[in-house]
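Here is the structure we will look at, set down as structure tokens.
Read-outs: derived from the displayed coordinates by stated rules, not from any lab. None of the values given here were measured: they were computed from a predicted structure. Note that we place each Cβ from the backbone using ideal geometry, even for glycine, and neighbour counts take in every protein chain shown.
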Ligand code: SAM
């Protein structure tokens with residue numbers, strides 16, 4: 001049988017793709033992509049010619065049999081999502097699980113993931129972290145999940161849309177307390193920005209803007225770090241906003 005390659009792609013800057021990913025995307029029989037138009041642009045940038053088949057939230061289950069059949073016939077397939085690592089808050093899990101259950105070889109082609117990229121510059125403990133991804137939209141469920149994290153000692157990692165980020169930060173202060181955190185926005189993109197400080201200070205900084213735009217990942221210190229502010233109050237104003245642009 002063939003191999004399913006789970007290929008990480010850039011989360012912004014198109015240079016963030018490995019030599020191996022480029023080679024594999026060119027070599028496989030077909031590429032299963034979350035959005036064929038989006039991945040088409042990446043392929044064009046690297047002058048890769050290959051067949052794209054859509055595999056997203058709404059058709060992943062239907063596509064599985066077809067992909068397993070092709071893999072069993074010996075075709076190699078690359079799985080990609082729009083950005084970052086497939087199946088991390090992205091489609092892919094169902095296909096990957098089906099392949100592992102059918103004894104098909106599944107190999108990662110490692111690369112970017114917003115959670116790890118942000119964590120690596122957060123300045124928060126990285127020895128243990130809990131990836132929470134997107135919380136449920138329903139307020140009751142979301143608050144229950146947050147409540148269950150109250151005593152978690154690991155650094156917490158949340159994906160959230162820019163439209164809801166202030167609401168999430170406010171809820172976090174309410175349920176977990178005003179802990180140290182970092183908001184990473186637009187990682188590797190033109191308007192890349194990292195806001196570090198206690199959650200209330202991140203809220204203050206965002207509230208002074210007309211709107212918050214771009215993709216956001218939020219990191220929050222674990223429960224036993226909650227009482228140790230990341231920076232002295234005096235130094236906060238100078239270091240809370242650290243915008244990077246290249
Ligand atoms: N598979 C992706 C990964 O490995 O990170 C995650 C895909 S998920 C649908 C999209 C979310 O990831 C965004 O809402 C945001 O929370 C986060 N994200 C993706 N790219 C980002 C970036 N360049 N900067 C900040 N957050 C990003």
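Take the residues in the range 197-222 that are part of a strand (DSSP E or B) and away from the ligand (no atom under 15 Å from the Cβ), then tell me which one is surrounded by the fewest Cβ atoms within 10 Å (Cβ to Cβ). Reasoning before the result, please.
Keep residues of the range 197-222 that are part of a strand (DSSP E or B), which gives 197-198, 216-220.
Add one more test, that the residue is away from the ligand (no atom under 15 Å from the Cβ), and what stays is 197-198.
Working: 197: 24, 198: 22.
For the range 197-222, the residue satisfying everything is 198.
Would you call residue 5 more than 11 Å from the ligand (Cβ to nearest atom) and surrounded by fewer than 18 Cβ atoms within 10 Å (Cβ to Cβ)? Taking the combined requirement at face value, the residue does not satisfy it.
Kindly evaluate residue 113 against the criterion of being within 30 Å of residue 25 (Cα to Cα), surrounded by fewer than 16 Cβ atoms within 10 Å (Cβ to Cβ) and within 14 Å of the ligand (Cβ to nearest atom).
On the way: within 30 Å of residue 25 (Cα to Cα): yes; surrounded by fewer than 16 Cβ atoms within 10 Å (Cβ to Cβ): no; within 14 Å of the ligand (Cβ to nearest atom): yes.
For residue 113, the condition - within 30 Å of residue 25 (Cα to Cα), surrounded by fewer than 16 Cβ atoms within 10 Å (Cβ to Cβ) and within 14 Å of the ligand (Cβ to nearest atom) - is not met.
Every residue, every condition in (1) loosely packed, with under 15 Cβ neighbours inside 10 Å; (2) closer than 18 Å to residue 221 by Cβ; (3) touching a residue at least 60 places away in the same chain (Cβ under 8 Å), yes or no:
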| residue | (1), (2), (3) |
| --- | --- |
| 107 | yes, no, yes |
| 117 | no, no, yes |
| 122 | no, yes, yes |
| 125 | no, yes, yes |
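Applying the criterion of being more than 14 Å from residue 187 (Cβ to Cβ) and buried (at least 19 other Cβ atoms within 10 Å of the Cβ) to the residues of the range 85-95, the residue that is farthest from the ligand (Cβ to nearest atom) is 95. If you go through the range 68-84 and keep only what is crowded, with 18+ Cβ neighbours inside 10 Å, over 16 Å from residue 36 (Cα atoms) and touching a residue at least 40 places away in the same chain (Cβ under 8 Å), you end up with 70, 71, 76.
Out of curiosity, is residue 156 within 22 Å of residue 16 (Cβ to Cβ) and within 15 Å of the chain's Cα centre (by Cα)? Don't jump to the end; show me each part of the working.
Values: within 22 Å of residue 16 (Cβ to Cβ): no; within 15 Å of the chain's Cα centre (by Cα): yes.
Here the answer is no, as residue 156 does not meet what is asked.
Looking at the range 170-184 only, could you name the residues that are free of Cβ contacts under 8 Å to residues at least 60 places away in the same chain, within 16 Å of the ligand (Cβ to nearest atom) and either closer than 20 Å to residue 117 by Cα or assigned to a loop (DSSP other than H, G, I, E, B) (or both)? Matches in the range 170-184: 181, 183. Picking from residues in the range 185-196 that are assigned to a loop (DSSP other than H, G, I, E, B) and more than 8 Å from the ligand (Cβ to nearest atom), the one that is surrounded by the most Cβ atoms within 10 Å (Cβ to Cβ) is 191.
Quickly run through the range 55-80 and pick out the residues that are more than 16 Å from the ligand (Cβ to nearest atom) and either in contact with a helix residue (DSSP H, G or I) (Cβ under 8 Å, 6 or more places away or on another chain) or part of a strand (DSSP E or B) (or both). Scanning the range 55-80 gives 61, 63, 64, 67, 68, 71, 76, 77.
Would you point out the residue of the range 138-162, among those that are outside any helix (DSSP H, G or I) and within 13 Å of the ligand (Cβ to nearest atom), that is surrounded by the fewest Cβ atoms within 10 Å (Cβ to Cβ)? Walk me through it before giving the result.
Taking the range 138-162 as the starting set, the residues that turn out to be outside any helix (DSSP H, G or I) are 138, 149-161.
Next, only the ones that are within 13 Å of the ligand (Cβ to nearest atom) stay: 157-161.
Values: 157: 22, 158: 24, 159: 18, 160: 20, 161: 13.
Among residues in the range 138-162 that are outside any helix (DSSP H, G or I) and within 13 Å of the ligand (Cβ to nearest atom), the one surrounded by the fewest Cβ atoms within 10 Å (Cβ to Cβ) is 161.
Residue count for the range 81-135 satisfying the condition of being assigned to a loop (DSSP other than H, G, I, E, B) and closer than 24 Å to residue 19 by Cβ: 13.
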